Structure formats: C-alpha cells, structure tokens
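Below: the structure, in structure tokens.
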Amino acid sequence: MPNIRVCALFRPLNSKEKAEHGDIVSYRMLDSETFVFKDEKEEEIQFCFDRVFCQGSEQGVANGVNGAIITYGQTGAGKTYSMEGPSIRECNEKQKGLLPRVVDGLFKVIKQSDEILKYTIKLSMVEVYMERVRDLFDLSKDNLQIKESKVQGIFVGGVTEVSISDTTEALQSLSRGIANRAVGETQMNMASSRSHCIYIFLVQQELRKERRSGKLFLVDLAGSEKAEKTGAEGKVLEEAKTINKSLSALGNVINALTCETTGRANHIPYRDSKLTRILQDALGGKSQTALLCCCSPSPENASESLSTLRFSARAKHIKALPHASAKEDEDTKGLQNVSETKTDACERILQKLSQQLKPEDVQLLEQLFILEGIFFDPYSVEEIESAYNDVTLRTISSLQKTVEELVATVDGLKKENQILKNLMRRC
C-alpha cells in the first residue's frame with residue numbers, strides 16, 4: 001500500500017490570468033482521479049492521482065488521513081488558502097480549509113469516544129525561515145534544534161506546546177500563530193509565504209495507567225519561485241533562494257525514497273535541510289501521509305504546474321518501509337554521510353557538466369539552479385538537458401539585459417558630460 005496518498009488541486013483563475021488568457025485552462029478532467037494536462041508546447045500529458053479537485057470543488061482534501069498532510073506547489077497556487085480557508089476562524093462549511101476541518105474532526109472523535117478514555121491535545125506551531133526553526137507561539141525562540149529519540153522519533157526541542165480543550169480555543173491559538181508567520185509581497189502574490197509552516201497536534205489517550213500518543217503534522221510549504229516572475233529583489237530574493245534550496249532537498253528525498261523501493265538508493269538525504277529533517281518520519285514510512293499538490297490552471301504557469309505534478313507523481317510511488325534508527329551508523333560514518341548529502345539533483349547534473357566547464361562556471365550554474373527554482377528528475381536525461389538549456393538561455397538573456405542597461409547608462413553619462421562641457425565653455 002502506498003505510504004503517500006496524493007491529491008491534485010487546481011485553484012480558480014485569478015483576475016490577472018483571466019485578463020491575459022481569458023477563461024482558457026491548461027487541464028481537462030477525465031474523471032475524479034484522472035486528468036489531461038497541456039504543457040507549454042501544447043502537448044497533452046495524462047496524470048492519475050487519488051483524487052483531483054478543480055474549480056467548483058468544495059474546499060478540503062482527504063478524509064481522516066492520520067499522520068501528515070502536506071501542501072506543495074508554485075507560489076500563488078493556493079496552498080495557504082487550502083490549509084486555512086478564507087479565514088481560520090470564520091467561514092462557511094464549504095470554504096473551510098484543512099486546519100479547521102482537522103480541529104473539528106479531532107474534537108468530534110473525542111466527544112464520541114468512551115467516557116473512561118481521557119484525551120489531551122497539545123498544539124505547536126513552527127516555521128522554517130532561512131533555515132532556522134522558529135517558534136510561532138514564542139518569537140524569542142528563533143533557532144530551535146531538531147532532535148531524535150526512540151520514543152518520540154523526530155521532534156523539535158524546546159518548542160512551545162499549547163493545551164487546547166475545544167474547537168474555539170484551538171482556532172484562537174492557530175490564529176495567533178499564523179499572525180506571526182513571515183510573509184512578503186511579490187508580483188505573483190500579495191501575501192506570499194516566506195517560510196514553511198508546520199502545525200503539530202500531539203494527541204494523548206489515557207486509560208487507567210496505559211497511555212498512547214500520536215502526532216498529526218499539517219505542513220504549508222512555501223512555494224517554489226522563479227525570480228523573473230516574482231520580481232524578487234534584496235531580502236525577498238534571498239528568501240526565495242533558501243525556499244528553492246529546501247524544496248530541492250525535499251525533491252531529492254522523494255527521489256531517493258522512490259529509488260529505494262527499486263533498490264537503486266541506499267542513502268536518504270533527510271539532513272540536507274531543516275524541512276526534510278522535521279518531515280523524516282512523515283516521508284519515511286512511519287506515518288500515513290497525504291500530499292496535496294496545488295496548481296494554477298493558467299497556461300501562463302504551465303511549466304511550474306507541470307513540475308509540481310511530476311514531483312507529486314513521483315511521491316505517489318513511495319512505499320511504506322520500516323526504517324530502523326541509524327544513529328550508531330551516523331556516529332561512525334559521519335564523514336561519509338557529509339559526502340553523501342551532496343549527491344542532490346543539482347550536484348548530479350553539475351558533475352555531468354564539470355568535464356566541459358570551468359570550476360567557476362559550475363559554481364555559477366549551481367547558484368542559478370537554486371535561484372530559478374528548477375526541479376527535475378536527476379535520472380532523466382531529457383530533463384537534465386532541458387534544465388541546462390533553460391538556465392543557459394536565462395543566463396544569456398540576463399546578461400543581454402544587463403549589457404543593454406549598461407549601454408543606456410553610459411549614453412546617459414555621455415550626454416550629461418557634454419552638457420557640462422557646454423556650460424563650462426559659456427563660463
């Protein structure tokens with residue numbers, strides 16, 4: 001049975017997309033699980049997931065999936081809206097996001113349970129911002145450490161845990177934490193998430209002296225970005241680089257897990273980013289996990305939507321596999337693991353190109369991969385060539401634009417200089 005259930009969601013067209021392309025969309029539904037997607041070259045690709053939500057669907061995703069629910073996709077594709085809804089505390093039943101639905105479900109189960117069972121629910125909220133784990137209930141805790149134990153598995157050390165006893169209390173706490181999340185404005189999103197936000201529900205069940213506990217993770221990932229579309233500069237650009245790098249690390253983990261089921265991989269690079277380390281149990285077979293891939297339906301974003309769909313299609317092939325603790329191996333093979341963590345997608349493509357390029361060119365390409373948010377299957381020759389050509393063309397275009405700006409600046413300075421000379425002659 002697949003460890004990860006995958007659903008796709010196409011949000012409605014926004015006003016900008018309608019103004020540029022009318023009501024044209026890049027997908028065609030075949031049934032509730034299958035659709036045909038049209039890429040930039042007008043070629044049709046068929047995808048099949050556990051469920052597909054399109055325009056007109058009620059807000060929401062999987063029913064009763066325990067363990068982890070992750071929203072993934074391009075910036076502005078509707079991830080945060082799917083998670084929160086139009087308002088975390090006030091909206092109608094059809095528009096409710098995942099968070100209020102999960103809260104309703106938890107307390108409904110408790111209310112219907114045997115009276116001799118005692119339940120305790122604690123809520124934590126953290127964000128991974130610029131590779132630092134921050135506590136959204138206590139902003140003074142801005143660099144929490146990720147730890148591991150045999151009893152708790154992977155957990156965030158020192159995080160604030162808020163006890164919640166009913167739906168109203170839970171939504172109030174969630175609203176407070178959401179207000180502290182890092183956001184910023186880009187050309188694609190007025191309130192773009194600049195961090196990965198993780199909601200952690202710890203549910204403890206007690207019967208006499210026996211106690212059981214389980215965790216439910218809800219993860220609202222920051223969106224992948226291309227600088228030319230978002231217009232990111234300065235701090236926002238640095239945030240975009242870090243976001244893309246951590247999403248690339250997530251893609252590498254998905255690739256490695258998929259390869260593991262076929263016997264091709266022997267190392268899963270969870271430690272390459274704080275995000276993948278926190279999600280290790282959710283991705284590695286110790287949780288029942290659902291992935292909601294959010295896409296823009298507009299042809300304008302066909303390339304990014306296709307990348308999201310391919311990522312999700314790979315995730316669907318991960319099987320639930322038991323993973324024993326590797327702590328002793330990590331203690332004795334630390335240097336080996338440091339070397340292995342560098343075998344990510346960008347590293348693989350750069351190794352293939354290193355024989356033809358100078359070292360400084362290889363470093364430049366690596367930065368461009370991260371900056372442009374390029375994700376691809378490292379085992380596909382076609383995608384490697386496409387990614388390389390994509391970066392090359394953008395680099396040439398960027399250089400041409402820079403040269404044109406320099407020429408214009410020089411011309412302007414020449415004119416100003418001539419004006420000054422004429423004034424001096426008159427004096």
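Odds and ends about this structure:
- Listed by first and then second residue, the pairs linking a residue in region 202-223 that is on the phi > 0 side of the Ramachandran plot to a residue that is open to solvent by 30 Å² or more (accessible area, probe 1.4 Å), with Cβ atoms under 9 Å apart and 6 or more places separating them unless they lie on different chains, are R208/I116.
- All of (1) at pLDDT 85 or above; (2) open to solvent by less than 10 Å² (accessible area, probe 1.4 Å); (3) more than 24 Å from G78 (Cβ to Cβ) hold for A290 with one exception: (3).
- Exclusive hit being surrounded by 15 or more Cβ atoms within 10 Å (Cβ to Cβ), among the hydrophobic types (A, V, I, L, M, F, W, C) and over 21 Å from the mean Cα position of the chain (by Cα), set L98, L106, L117: L106
- All strands (runs of 3 or more DSSP E) inside region 1-114 with 3 or more residues being closer than 24 Å to A282 by Cα and either modelled with pLDDT under 90 or not β-branched (V, I, T) (or both): 4-10, 68-73
- The strands (runs of 3 or more DSSP E) located wholly in region 154-222 that include 2 or more residues which are modelled with pLDDT under 90 and open to solvent by 20 Å² or more (accessible area, probe 1.4 Å) occupy 183-186, 189-193, 196-207, 210-220.
- Hits in region 120-137 (condition: of a type in the set (V, I, T) and buried (at least 16 other Cβ atoms within 10 Å of the Cβ)): I121, V126, V128, V133
- Considering residues of region 262-282 that are in contact with a helix residue (DSSP H, G or I) (Cβ under 6 Å, 6 or more places away or on another chain) and modelled with pLDDT under 85 only, the residue farthest from I200 (Cα to Cα): A265
The values are calculated or read from the model by the stated rules, or taken from the named source; none is laboratory data. These numbers come from a predicted model, not from an experiment. Heads up, the Cβs are rebuilt from the backbone with ideal geometry, glycines too, and the neighbour counts pull from every protein chain shown. Surface areas here come from the heavy atoms of the whole protein model, side chains and all, with no ligands, DNA or RNA. Shrake-Rupley method; radii C 1.70, N 1.55, O 1.52, S 1.80 Å.
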